[in-house]
Amino acid sequence: MMVKEYVERSGDTAFGFQMYPVIVRSIDGTITYHCDSLGFLTHGDAETWMDAVGPDGPWSPRGNRANDIQALWAQQLEAGIWFATRVGDTKSAQRWNQTLRRLQTNFQTYFVTERGVVDHLKIDGSADTQLRPNQIFTTPLLSDEVRAKVLATVTRNLTYEHGVASLWQDDENFHPYHQYNPYYPKDAAYHNGIVWTWLQGPLISELRSFGRSELAFRLTTNSVHQILDRGAVGTQSELLDAAPRPGETEPRLSGTFSQAWNLAEFVRNFYDDYLGVRISLLEHSLVLRPNIPKAMGKVKATINLNGRGLPIEIEQHSSLKTVVLDGSNLRAGGKGKIQLMSDTDRLVGVDFKIPPRAVIRLELRDTSVTLLADGIKHDFSSVIDNPRLSVENLSFASPLVRSGLRSLRGPSYPTITHAQTKAKNAHAKLIVNTGDAAGDDVGTGAYTYPKNPNFAPGSFDITNFTVSYDDTNAYFGLRFKSLSNPGWHPEYGFQLTFVAVAIDTDGIPGRGKRLVERNANYLLDDQHAYERLILVGGGVRLEDDHRKVLAEYIPAETDVTNPLGDAESATISFAIPVAYLGKPAPTWTFIVLSGGQDDHGGAGLGEFRNVDREASEWSGGGKTRTEEANVYDVLMVGPE
């Protein structure tokens with residue numbers, strides 16, 4: 001569909017013909033392999049833009065038929081039909097049109113309800129009714145009546161002055177803040193409440209379609225405030241918290257400090273929506289449907305027409321409305337269309353020919369039109385109509401963080417403080433101090449590291465392991481050949497290394513658990529089974545052999561002064577209260593597993609990173625069988 005957009009705007013038909021075989025493959029392949037009997041495009045739980053995944057799976061699963069994916073699929077089919085018709089491929093055009101009609105009909109049946117549009121259909125066919133903003137993308141599939149419902153729903157329930165939330169604030173899974181340790185890792189909130197600044201782009205477009213540019217411009221005005229007054233001046237952050245934190249007046253910025261998505265939407269809204277510009281060099285046409293907010297007053301802009309500037313002026317908020325197109329440097333003419341709203345709320349559409357190198361001036365007084373070309377009256381045709389789309393009583397939501405919100409209750413298990421985690425006792429009783437040969441971080445024999453340079457050679461290679469204890473804590477020390485610290489989470493002191501310490505506390509074969517999970521896929525030998533498991537990555541977690549979390553240390557940004565690890569000395573050190581672990585004994589066996597850490601880009605504890613047959617940027621290589629463990633180095637220490 002973006003190829004169609006490009007060809008229409010640029011007139012580059014040669015590129016369209018060149019891409020047509022790819023278009024055919026993309027559509028026919030989707031119909032063959034990813035379409036269900038209803039014409040819907042099927043996909044995985046994390047295969048939409050809401051794609052955050054953690055060790056336990058997607059944070060906001062939307063499989064297997066999301067509403068926005070069906071809208072994109074419909075647009076792809078429409079674009080394919082457009083291309084097929086132009087190249088004379090009538091069979092493909094007819095076949096794709098049948099799929100499109102089936103999709104459109106079934107969308108009304110399965111997605112549209114009295115309230116609006118459901119977010120997605122689950123794999124069992126049931127509808128997920130969580131209130132999310134994705135329905136705003138489905139407007140091409142909707143009747144005017146349903147479009148109005150969707151716009152009202154998204155505006156009133158999901159839109160604040162500072163942007164559009166990813167989940168309704170009354171939802172039980174609502175997360176009001178992006179980074180809010182120790183309550184949850186940031187990816188838990190990524191698409192579950194916080195504001196994505198790019199989402200206001202399509203909402204502004206829909207508000208404009210319903211004649212609500214003044215309300216839309218409040219979103220734009222707040223974006224200008226974010227760009228000029230907050231964060232990195234001159235750009236806009238990817239995210240904001242849904243609500244201000246206690247004692248603060250504005251929601252915090254978050255995510256990347258500059259994001260192309262929302263900046264592109266910010267610019268597009270001015271051209272496509274407020275100026276209402278649509279250029280087609282393919283059809284040699286220019287359409288202007290301005291919806292200028294009153295705060296902008298008289299507007300001057302320059303439109304790029306195939307490398308040549310076309311200055312325009314628009315005065316929309318006076319009894320005499322004017323549009324001036326200064327085409328004095330345009331060598332070729334074309335077709336023009338200008339649509340303005342009269343003082344009596346009538347839509348006045350004016351069609352005319354644009355002469356080369358001419359200045360066009362349109363004047364509208366109520367519904368009376370005057371059109372001049374270089375000061376001389378110019379032929380035109382006009383149509384006066386009532387607005388097709390309308391919606392009443394629109395207003396933005398006010399941020400509200402409900403008391404008792406599940407996301408703010410914190411973990412259901414004890415948390416270990418930073419002070420407890422970094423406690424030290426030089427006089428603690430030492431029961432393990434074992435070295436391990438360097439260079440043995442090769443897994444089953446030929447494992448290689450991921451290719452990204454942030455994975456420092458030796459950062460999975462354990463060289464020493466210590467355990468000591470006193471009446472309060474058990475103290476653990478890990479030394480590696482090296483450690484990485486890319487700086488993504490300085491409060492950890494290291495990153496990209498993951499460790500599991502399986503502890504056989506009773507020495508009885510078969511009692512406990514042999515399989516170390518967390519994507520380690522490592523099976524202890526038949527003489528050992530663990531009753532306690534310590535996981536070390538973006539924090540420290542203690543579990544029992546039934547995966548019950550007994551306690552956890554979750555780093556906070558302030559922990560950077562004394563972090564969990566130290567890349568410079570290639571060490572990780574931490575303490576766990578014996579009240580949770582038990583007091584270590586010389587009869588315990590410790591099996592230490594080391595490998596790459598994968599937090600899926602969303603912080604948190606993480607898990608063992610995949611090892612594949614061939615190494616890639618973010619996965620290791622060297623496996624000969626898929627069932628082999630994702631573990632590079634193993635150190636076992638037991639009673640003598």
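Measure off 7 Å from each Cα along the Cα-to-Cβ vector at Arg25 and Thr344, then give the distance between these two points in nanometres to one decimal.
If labels sit at Arg25 and Thr344, their model points lie 5.8 nm apart.
Per residue and in cubic angstrom, what volume does the convex hull of the Cα atoms of the stretch 7-112 have?
Values: hull volume 13.4 nm³, N = 106.
Dividing the Cα hull volume of the stretch 7-112 by its residues yields 127 Å³.
Using modelled backbone amide H atoms (1.01 Å from N, in-plane), which distant-in-sequence or interchain residues come within less than 5 Å of Phe498's amide H?
Long-range HN contacts for Phe498: Gly595, Gly596, Gln597.
Order the peptides 237-248, 356-367 from the highest to the lowest mean number of other Cβ atoms within 10 Å of their residues.
Working: 237-248: 18.8, 356-367: 16.9.
With the highest mean Cβ count within 10 Å placed first, the list reads 237-248, 356-367.
Using each residue's phi in the stretch 126-142, evaluate 6.51 cos²θ - 1.76 cosθ + 1.60 at θ = phi - 60° and report the 3J(HN,Hα) Karplus result to the nearest Hz, with x for Gly and Pro.
6, 8, 8, 9, 4, 8, 10, x, 4, 5, 5, 7, 8, 4, x, 9, 10
On each of the three principal axes of the Cα atoms of the stretch 143-274, give max minus min coordinate, whole Å, ordered largest first.
Here the spans come out as 45, 35, 25 Å, largest first.
Using the Karplus equation 6.51 cos²θ - 1.76 cosθ + 1.60 (θ = phi - 60°), what ³J(HN,Hα) coupling, rounded to whole Hz, does each residue of the stretch 472-485 give in order, writing x for Gly and Pro?
9, 9, 9, 10, 10, x, 10, 10, 10, 4, 7, 9, 9, 9
On a 0 to 90 degree scale, rounded to 10, what angle separates helix 90-110 from the longest Cα axis of the chain?
Approximately 70 degrees, to the nearest 10.
Determine which residues of the stretch 589-620 fall in the zone a paramagnetic label at Tyr413 would reach in this model, i.e. backbone nitrogen under 17 Å from the point 7 Å along Cα→Cβ.
604-608
Give the peptides 60-70, 125-135 in descending order of average Cβ contacts within 10 Å, highest first.
Working: 60-70: 24.2, 125-135: 18.8.
The packing order, highest mean first, is 60-70, 125-135.
Using +1 at the C-beta of Lys and Arg and -1 at the C-beta of Asp and Glu, which of Ala500, Ser482, Gly565 has the Cα lying farthest in the positive direction of the dipole of the stretch 470-589?
Result: Ala500.
At 0.36 nm per residue, minus the direct Cα-Cα distance, what do Arg625 and Asp374 gain on full extension? Give it in nm, one decimal, please.
Values: separation 251, 0.36 × 251 = 90.36 nm, distance 7.69 nm.
The span from Arg625 to Asp374 would gain 82.7 nm if fully extended.
Sequence gap at least 6, Cα distance under 8 Å: using those rules, report the relative contact order of the chain to the nearest whole percent. Before the final figure, lay out each step's value.
Details: 1393 pairs, mean separation 65.3, N = 640.
It comes to 10 percent, rounded to a whole number.
Starting from the amide H of Glu607, placed 1.01 Å from N in the peptide plane, find each other amide H under 5 Å away whose residue is 5 or more places distant or on another chain.
Residues meeting the amide H criterion: Asp598, Asp599.
Apply the Karplus parameterisation 6.51 cos²θ - 1.76 cosθ + 1.60, with θ equal to phi minus 60°, to every residue of the stretch 351-356 and state each ³J(HN,Hα) to the nearest whole Hz, in sequence, with x for glycine and proline.
10, 7, 9, 9, x, x
What distance in nm separates the simple spin-label points at His427 and His34, each placed 7 Å from Cα in the Cβ direction?
Between His427 and His34, the label points sit 6.6 nm apart.
Evaluate the distance, in nm, between pseudo-label points positioned 7 Å from the Cα of Arg365 and of Asn454 along their respective Cα→Cβ axes.
According to this spin-label approximation, the distance is 6.5 nm.
Once the piece of chain linking Ala295 and Arg102 is laid out straight, how much longer is it, given 0.36 nm per residue of separation minus the C-alpha distance between them? Mind dumping the intermediate values first?
Working: separation 193, 0.36 × 193 = 69.48 nm, distance 4.47 nm.
Extra length available between Ala295 and Arg102 comes to 65.0 nm.
Once you keep just the Cα pairs under 8 angstrom separated by 6 or more residues, what percentage relative contact order results for the stretch 148-208? Mind dumping the intermediate values first?
Values: 67 pairs, mean separation 21.0, N = 61.
It comes to 34 percent, rounded to a whole number.
Quick one: which of Lys294/Lys337; Lys513/Lys623; Lys429/Lys583; Lys451/Lys623; Lys335/Lys377 span more than 21 angstrom between C-alpha atoms?
On the way: Lys294/Lys337 23 Å; Lys513/Lys623 25 Å; Lys429/Lys583 11 Å; Lys451/Lys623 15 Å; Lys335/Lys377 17 Å.
Those over the limit are Lys294/Lys337; Lys513/Lys623.
Go ahead and estimate [θ] at 222 nm for the chain from helices alone: -39,500 (n - 2.57) per DSSP H run with n ≥ 4, summed, over the residue count, rounded to 500.
On the way: 11 runs with 136 residues, N = 640.
Taking each H run of at least 4 residues, the total per residue is -6500 deg cm²/dmol.
Between Gly334 and residues 5 or more places away or on another chain, which pairs have amide H atoms under 5 Å apart, with H built 1.01 Å from N, and which residues are they?
Ile354
Which FRET efficiency value, to the nearest 0.05, is calculated for Thr472 and Ala232 with the Förster distance at 51 angstrom and r the Cβ-Cβ distance? All intermediate terms of the calculation are to be shown ahead of the outcome.
On the way: r = 45 Å, r/R0 = 0.89.
Here the calculated transfer efficiency is 0.70.
At R0 = 60 Å, how high is the FRET efficiency between Leu305 and Ala127 if r is their beta carbon distance? Nearest 0.05 is fine. Kindly include the intermediate steps, with their values, before the conclusion.
On the way: r = 46 Å, r/R0 = 0.77.
My answer for the efficiency is 0.85.
Rounded to the nearest 0.05, what FRET efficiency is calculated for Ser403 and Ala264 with R0 set to 41 Å and r the Cβ-Cβ distance? Spell out each step's value before the answer.
Working: r = 38 Å, r/R0 = 0.93.
Approximately 0.60, to the nearest 0.05.
Hey, can you rank 320-333, 613-626 by average C-beta count inside 10 Å, highest first? Don't jump to the answer; show the numbers that get you there.
Details: 320-333: 16.6, 613-626: 14.7.
Listed from highest to lowest mean packing, they are 320-333, 613-626.
No value in this document is a laboratory result; all are computed from the given coordinates. All figures in this text were calculated on a predicted structure; none of them were measured in a lab. Ideal geometry is used to build each Cβ from the backbone, glycine not excepted, and the neighbour counts take in all protein chains shown.
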